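Notes follow once the structure below has been shown.
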Amino acid sequence: MDSLIVFDMDGVLTEVSESYRQAIVETVDSLTGQRITRDLIQQYKNQGGWNNDWALSKQIAADLGHDIPYDDVVVRFNQFFLGENGNGLITRERWFPEAGLLERLASNRGLAIFTGRLRYEAHISLRRFASAIAFDPIICADDVIHGKPSPEGLNTIQKRHPDRKLVYVGDTVDDAKSATAAGVPFIGIAAANHSRRADLIRLFEQERAIAILENINEIEPVL
């Protein structure tokens, strides 16, 4: 077992258009009174540097003419995303991997996670969908000083597994840039229904992705 597949979570393992993305929409609406589209959110994401959805919500509000304190954005976002005791938009998430996929991958490879989520948010979804899968390590926003596109998270994983060859699977240009900076091969996920798919594929190609897939269930032939 000399290879280690490192997964981003959102858009790779979890379908988050109705959770994180919708939380951005609701947060901006509640703070500015203006309803934005998910396509606008993707435009920002494709610019890079917007891995933090709290910061992105604040920036979109500012671009709409409303300077909202960061802490107020965080509180409002979490009201929508987490709700009361985890009954918020996070419950709308779906799990992308088909039954048996991760088990097959784990039979002869290591599995790890590098996500921009906070640890408690990551574990809510992992407990719900993949409690039997051993990801080692799980690197979250809490574990790094510099988030993506910094390579810090991938470098941390490589240090913990110095004898293994890493490959990173992600769905944003920040994921791709993080892999490039860490010297780790990158597999891009660009969903067929992605609102900016052509732009995203171009960005992945610029970062020399070794493969671009429509979803994680296409990964086995690539590996």
**OP:** Among the residues of segment 160-183, write down those that are among the polar types (S, T, N, Q) and either within 17 Å of Thr14 (Cβ to Cβ) or more than 17 Å from the chain's Cα centre (by Cα) (or both).
**Re:** Thr172
Original post:
Does any residue in segment 80-108 that is at positive phi come within less than 7 Å, Cβ to Cβ, of a residue that is surrounded by fewer than 20 Cβ atoms within 10 Å (Cβ to Cβ) six or more places away or on a different chain, and which pairs are these?
Top reply: Gly86/Ile124
Original post:
Taking segment 180-205, which residues are in contact (Cβ under 8 Å) with a residue 12 or more places away in the chain and either among the polar types (S, T, N, Q) or in a helix (DSSP H, G or I) (or both)?
Top reply: Thr180, Ala181, Ala182, Ser195, Asp199, Leu200, Ile201, Leu203, Phe204
Original post:
Which residue pairs have Cβ atoms closer than 7 Å, lie 6 or more positions apart in sequence or on different chains, and pair a first residue in segment 119-131 that is in a helix (DSSP H, G or I) with a second residue that is not aliphatic (A, V, I, L, M)?
Top reply: Arg119/Cys140; Arg119/Asp142; Ala122/Thr115; Ala122/Cys140; Ile124/Gly86; Ser125/Thr14; Ser125/Glu93; Phe129/Trp95
Original post:
For segment 124-182, how many residues meet the condition of being touching a Gly at 6+ places or on another chain (Cβ under 8 Å) and of a type in the set (Lys, Arg)?
Top reply: 3
Subject >> Failed item in (1) more than 28 Å from Leu31 (Cα to Cα); (2) among the hydroxyl-bearing types (Ser, Thr, Tyr); (3) modelled with pLDDT under 95, with Ser150 passing the rest >> reply: (3)
Original post:
Consider Asp72 against the criteria (1) buried (at least 18 other Cβ atoms within 10 Å of the Cβ); (2) among the acidic types (Asp, Glu); (3) at pLDDT 95 or above: it satisfies all of them except one. Which criterion is unmet?
Top reply: (1)
Subject >> Looking only at segment 20-38, and only at residues there that are modelled with pLDDT of 95 or more and under 21 Å from Gly86 (Cα atoms), the one that is farthest from the chain's Cα centre (by Cα) >> reply: Ser30
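The values are calculated or read from the model by the stated rules, or taken from the named source; none is laboratory data. Keep in mind that what you see is a predicted model, and the values were worked out from it rather than measured. Don't worry about glycine lacking a Cβ; one is built from the backbone with ideal geometry, like all the others, and counts go over all protein chains shown.
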